[in-house]
Structure formats: C-alpha cells, structure tokens
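Please read the structure below before turning to the comments.
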Amino acid sequence: MTSTTQLVLAGGGHSHALLLHRWAMHPRHRPEGLITLVNRSSTSLYSGMVPGLIARLYSRDQVAIDLRRLAADAGVAFVEAEIQGLDLTGQTLQLEGRLPLPFTQLSLDLGAISRPIAPDQSLTAACWVPIKPLEPALTFLDSQDANTSETFHVLGSGLAGVEVALALKQRWPKRSIHLLARQGRLDPNLVKALQVADVRIMHQPAGAPAAIALETSSAGLICSGSRAPSWLASSGLPCCTQSGRVRTNNQLQVIEHPTIFASGDCAVIDTDPRPPSGVWAVRAAVPLARNLEAACHNKPL
C-alpha cells in the first residue's frame, strides 16, 4: 500500500465496527497508510438489542457502540458527518458541511432507512416516524412517554413490526398498542403472541395503499420494510431497483468497481441474495476485513 492510498470506511455499521475491533486487537492486520471512518454520529446502536432498548430492558449506553473510541484504538481517523453522495469520477465521498473526502479504496456499510410508504410526506411528518434511522425514532418514542392515554400504532407485517409492537407494550403496559398489518401476512404463532401481550391487530386489505392506514391513525412508527440510502441509486453504482441496495460479487466487491466494497443492509450479493438483516452484516465482517487487507496490498481476494 503506497503512502498516497486512502481507504475510507463509509458508515459505522456492524461490519465496520467489527473490522475496527479486529484491527484494534490485532494491529498487524491493519493496512498501512491513512484510513478514515465516516459516520453521522460517534456511536452506532447494536441492532440486536434495539427491541430491548425500546422495551427499556437496556439503557442507551449498553446498546451503543463507541465508534470514535474503536477508531482511535484501531489507528483510524474518525469524521462525524452525514454522507450525501459519491463522486465516482473524482473518487470522493460527498459530506454535508465538509469538503469532499478523497479515497482510492472505499468500503460501504451504511445500513438502511425505512422505505417511504406515502406519497404525501407531510402525512408522516406530523405524527408518524420511520423506525430507521434509529436515533430519531428513539427520540420520538421518548417524546411519547407521557401520552399513555392515546393509542399508539405500529405499521408493518414483518418481524420488525411484531418485535417493536411487543417491545412497546412492555414499555407502556397500560397503553393501547395497535399493529397495522397486511391481511394474511402474520404467522399464526406471532398472532397468538401478540394477542397474549394484548396488542391489537388491525388488518389492512390486500393491495390497499399503506397511506390509507396512516390517515386514520394518530401516532406511530413505520416498520414496513427498508431500503438503502437514496443517494446510492444516483451515485452510478449498480443498485437493485426496488431496494436501492448496491450489488456485489461474493468477495463483497461492488460489481464493475473493484476498488469499492459493500456489506450490511446497504448491499446484496448478486449470486446469493438475502434480505437485509444485522446477522449478515456481522457475518460479513471477517471476509470484508480480509479482502480489504488483501486489496490494499494488491494480493488476491
């Protein structure tokens, strides 16, 4: 790795957190030269403990990964900034309120955001908040702690919606919690668990726009699926049409872009597509680390 090579880690997701931990514990694995981690905040929440955080089984400090400290321990520079775009020609990462950050090698581990469900964004702005990014959603829940007399809604037919609804019932045992789910989408065992927990299930007709459910509800969380950050689709990288996730090969290299790697919820392996889940980001950490180390030394992946 030459002195002019710059490796940028974009996003503080689980793959990058474990990558930093590897380099902190085993400095010999860390590639030489300048390495920079960029993330919107100095901490990242461990997704596996977020339902417990919502239910107040854990405190925020117990769930937060200290990225700034991890980076320092690994000999990696840390930049706290919102990523806004990617200039492939100029090989720079575009940051809000900062100069573009140049790179020769780039790794994307950006997580995901909630999928938009209503064409009228003002509809969700007043009383509905997407579950991702997590930090604003958690702040919203804190603001709702005093409104125990009002019904709270969760929109979603997947495991995330069920998990959040059950966690909220533990957080607010006396508050009415309604789960807005598609007809026929919930497993019977999950339906039973929700009924035992006194979470009311409100079915949406198949094919009905999700926005219809929002119009009749007062406040709630949107847990109806996720997609990669929107700027990725306009970056010029190959992305899936529906989810916006970056397409990679089985070495986690972005298709047709050998100097760029991607993992976690913002990416998908072309030959082995799987739904976004924190467990895949965790499992990708070691092969990502090994391949980044090899790429920085011009060795086979």
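Key figures
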| read-out | value |
| --- | --- |
| Mean Kyte hydropathy of 0.0 or more with a Cα span along the axis of at least 24 Å, helices from DSSP in the chain | 278-296 |
| Cut-off under 5 Å, modelled amide H: who pairs with residue 179 long-range | 154, 200, 201, 202 |
| Shape call, segment 232-301: gyration tensor on alpha carbons, a/c limit 1.5 | oblate |
| Heavy-atom accessible area order for 131, 269, largest first, 1.4 Å probe | 269, 131 |
| Dipole axis of segment 25-161 (+1 Lys, Arg; -1 Asp, Glu on Cβ), positive-most option in 26, 51, 91 | 26 |
| Exposure ranking of 109, 270 by accessible area [1.4 Å probe, largest first] | 270, 109 |
| Local net charge near residue 18, Cβ-Cβ under 14 Å (Lys/Arg +1, Asp/Glu -1) | 0 |
| For residue 132, distant residues with modelled amide H under 5 Å away | 114 |
| Three-way shape label, segment 1-91, alpha-carbon gyration tensor, a/c 1.5 | oblate |
| Spatially proximal lysines relative to residue 192 (Cα-Cα < 28 Å; intrachain offsets below 8 disregarded) | 132, 169, 174 |
| Residue-span extension gain [residue 142 to residue 185] - 0.36 nm each, minus C-alpha spacing | 12.5 nm |
| Counted charge near residue 265, where neighbours are those whose Cβ lies closer than 11 Å (Asp, Glu -1; Lys, Arg +1) | +3 |
| Gain in span if fully extended, residue 77 to residue 29, counting 0.36 nm per residue against the direct Cα distance | 15.6 nm |
| Net charge of neighbours whose Cβ lies under 11 Å from the Cβ of residue 277, counting Lys and Arg as +1 and Asp and Glu as -1 | +1 |
| Heavy-atom surface of the chain, accessible at 1.4 Å and reported per residue (Å²) | 48 Å² |
| Straight-distance crosslink candidates among aspartates and glutamates, where the alpha carbon sits under 13 Å from residue 299 and sequence neighbours closer than 8 are dropped | none |
| Within the accessible area of the chain (1.4 Å probe), percent carbon and sulfur | 53 percent |
| Distance in nm between pseudo-label sites at residue 274 and residue 84 (7 Å out along the Cβ direction from Cα) | 3.5 nm |
| Virtual spin-label span in nm between residue 21 and residue 201, 7 Å along Cα→Cβ | 3.6 nm |
| Under Karplus coefficients 6.51, -1.76 and 1.60, residue-wise ³J(HN,Hα) of segment 241-251 in Hz, glycine/proline x | 5, 6, 9, x, 6, 6, 8, 10, 8, 7, 9 |
| Length released on extending from residue 62 to residue 231, taking residue separation times 0.36 nm less the Cα-Cα span | 57.7 nm |
| Rounded if a/c under 1.5, otherwise prolate or oblate - the chain, Cα gyration tensor axes | prolate |
| Expected 222 nm ellipticity per residue - DSSP helices of 4 or more, -39500 (n - 2.57), all of the chain, to 500 | -8500 deg cm²/dmol |
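The values are calculated or read from the model by the stated rules, or taken from the named source; none is laboratory data. All values derive from a computational prediction rather than experimental measurement. Counting neighbours? That spans all protein chains shown, and the Cβs are built from the backbone with ideal geometry, glycine included. Note: accessible area is taken over every heavy atom of the protein model, side chains too, but ligands, DNA and RNA are not part of it. Shrake-Rupley method; radii C 1.70, N 1.55, O 1.52, S 1.80 Å.
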